[in-house]
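I have placed the structure first, in the form of structure tokens, so that the comments after it can refer back to it.
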């Protein structure tokens, strides 16, 4: 618990916020949980209070996803941070699996996991989008850890197969990192691309943990 934080960048009054929090509270290994928001409301305050979660308000005049995510990362005082998107659900053993990898491979930059899609309360594992992303993950076909810069860049050559909300960041290895506000819809791909230039591992956990 002392070395990992889930940060939820809450945006407006989302009906999905509470189920997301419940999935984080139900993890087999407990973590710190905080909420950040640039759109504070009584609704967010009520949900946070119900689960005894601290809210940190982002009063920056700079708006956008990059600003929200950078603010979220900055509020966590732990080495490992997951930016939990409020409309996603995390399987019970997500944290356990991620921390196992991070504690074993100490030179890791990011860990990410496989995931399923939730459509009308039904889990879907083989949509066209998921199939394409699995194909793009071919550098991980015979391994779960990529260290060489060549393979990290190859991973991103044809698109973005990394599920952003599944990513846990090792802040101790990402000094100076921030999401670029020059992008609105591909800022995560650009972030992974910049990280690929750094020394350290990308780890993919081949389990549907979201």
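Could you state the number of Å between the C-alpha centres of region 39-104 and region 17-32?
Measuring centre to centre over Cα atoms gives 11 Å.
Under 10 Å, Cα contacts only: if you run a Gaussian network model on the chain, which one of 86, 46, 27 comes out with the highest mean-square fluctuation?
46
Tell me, rounded to the nearest percent, the portion of alpha carbon pairs in the chain spaced more than 27 Å apart. Please report the intermediate quantities before stating the final value.
Working: 6245 of 21945 pairs.
Every Cα pair in the chain considered, those over 27 Å come to 28 percent.
Between 0 and 90 degrees, rounded to the nearest ten: what's the tilt of helix 94-104 against the longest Cα principal axis of the chain?
50
Can you give the calculated 222 nm mean residue ellipticity of the chain, where each DSSP H run of n ≥ 4 adds -39,500 (n - 2.57) and the sum is split over every residue, rounded to the nearest 500 deg cm²/dmol?
Working: 7 runs with 65 residues, N = 210.
Roughly -9000 deg cm²/dmol at 222 nm, from the helical runs in the chain.
At a threshold of 8 angstrom on Cα-Cα distance, excluding pairs fewer than six apart, so keeping six or more, what relative contact order does the chain reach in percent?
Working: 368 pairs, mean separation 56.6, N = 210.
Across the chain, relative contact order equals 27 percent.
Compare the peptides 30-43, 169-182 by average per-residue count of other Cβ atoms within 10 angstrom and give them in order, highest first.
On the way: 30-43: 18.2, 169-182: 14.8.
Result, highest mean first: 30-43, 169-182.
Taking 8 Å as the Cα distance limit and 6 or more residues as the minimum spacing, I'd like the relative contact order of region 1-108 as a percentage.
Values: 168 pairs, mean separation 45.2, N = 108.
Result for region 1-108 is 42 percent.
Rule-based calculations on the coordinates, nothing more; no lab input. Bear in mind that the values here come from a model prediction, so they are computed numbers and not experimental data. We place every Cβ from the backbone using ideal geometry, glycine too, and count neighbours over all the protein chains shown.
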